[in-house]
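What follows draws every value from the coordinates through simple rules; no lab data is involved. Being a predicted model, the structure only gives us computed values, none of them experimental. All Cβ positions, glycine included, derive from the backbone under ideal geometry; neighbour counts span all protein chains shown.
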Amino acid sequence: MSSPTGPTPGLPVRMPRPRQPGRHRRPEPAAAPAGAPPLVLAVPGTPDITTHRLAEELLSIARSELPGLDARIGYVDVAESGDAGDGFPALDAVLGHASAQRDVRMAEAEAAEGPEGAAVWAQAPDAVVVPLLAGPDSAVVRRIRQAVLNSGCASELTDALGPHPLLAEALHVRLSEAGLARADRARLFTVATAADGIVLATVGGEEAVQSAGITGMLLSARLAVPVLPAALDEDGAVARAADQLRSSGSRNLALAPCLIGPEVDETLTAMAAKEAGCAAAEPLGEYPSVGKLVLATYAAALGITLPAAQGAPAAR
């Protein structure tokens, strides 16, 4: 972090260029500190072009919020031996490359911040791994941890992105895009909705359901309707949640996937919605708040303070 007179103790952040005075000036973003370890987005699921474009878009959002950010993609469910030439680099290969570039990062930090700045970043991990998960999924996290071990990279693995208010915002938008909730025109938390009950679908077991339940409470506050979490990967769970909502008086239900997208086969969501007898919104995908949350999670792991206008901290 920095002050007007120079860096203060802790992780350094480059000072932004002087801004022009004026009431309506646009806040100027901070730049990524020289020598900071890369953000490696750990993407689950079988990689394909659609998933790759989604991940690239999220990292593009993160880079726009913090210029100079070194952000990379590593796929969890692809073998390193099979990543040559297909454009889908395995997570362990990406981490291994990040580790090999440590000396280069230290040289950049010393050139920009002096020996003191380089000494600070010398204590940082070789990479910060952010799972592309809306909530905890122990099976995916185990595979990520194994990739970290295989790489030999001194990485820091963050928590999943949720629960978080930015996810509730993204869920609201996806529901409104599907015609299942009205847009929040006046930035009010109580709005009329097309659906009078929401099933919030997730994957990852009971821990993921509990996490989605917290985000669901935030979504319920925005929409003023009941929201129940349910596990897509548990037989009948979505239908049972729908029955519970109907028994409490809801009649027009909607299914909102509390998922980024790559972590589950899209047919699973469609089948669950059909079983529950309700329409479904799209997964969160490349909604801008998801990219901002990826960056905030990375920044929080390193102690980098982002300007308030650039995204909320990934507080838990």
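General observations
- For the range 125-228, radius of gyration divided by Kirkwood radius, i.e. Rg to Rh on alpha-carbons: 1.10
- Karplus-derived HN-Hα couplings along the range 256-261 (A = 6.51, B = -1.76, C = 1.60, θ = phi - 60°), whole Hz, x at Gly and Pro: 10, x, 8, 9, 6, x
- Globularity index of the range 238-289 is 1.22 (Cα radius of gyration / 2.2 N^0.38 Å, N = number of residues).
- Alpha carbon Rg of the range 94-171, scaled by the compact-globule rule 2.2 N^0.38 Å: 1.37
- With a Förster radius of 45 Å applied to the beta-carbon distance between Glu234 and Ala100, the computed FRET efficiency rounds to 0.60.
- Note on the range 85-134: the C-alpha convex hull projects to 5.0 nm² when averaged across all orientations.
- GluC sites (Glu not before Pro) within the range 189-257, DSSP loop, no more than 16 other Cβ atoms inside 10 Å: Glu234
- If R0 is taken as 41 Å, the Cβ-Cβ distance between Glu206 and Ala111 corresponds to a FRET efficiency of 0.25.
- Cα gyration tensor of the range 162-307 - equivalent ellipsoid semi-axes, whole Å, descending: 25, 18, 13
- Estimated FRET transfer efficiency (Ala119, Ala154; beta-carbon r; R0 22 Å; 0.05): 0.85
- Between the amide H of Ala31 and those of Arg14, distances stay under 5 Å, these residues lying 5 or more places away or on another chain, with hydrogens modeled in the peptide plane.
- Share of alpha-carbon pairs per 10 Å distance bin for the range 131-173, given as whole %: 26, 43, 21, 9, 0
- Span from the the range 269-286 Cα centroid across to the the range 108-149 one, whole angstrom: 34
- Kirkwood Rh, angstrom, the range 32-141 [1 / mean 1/r, Cα pairs]: 14.9
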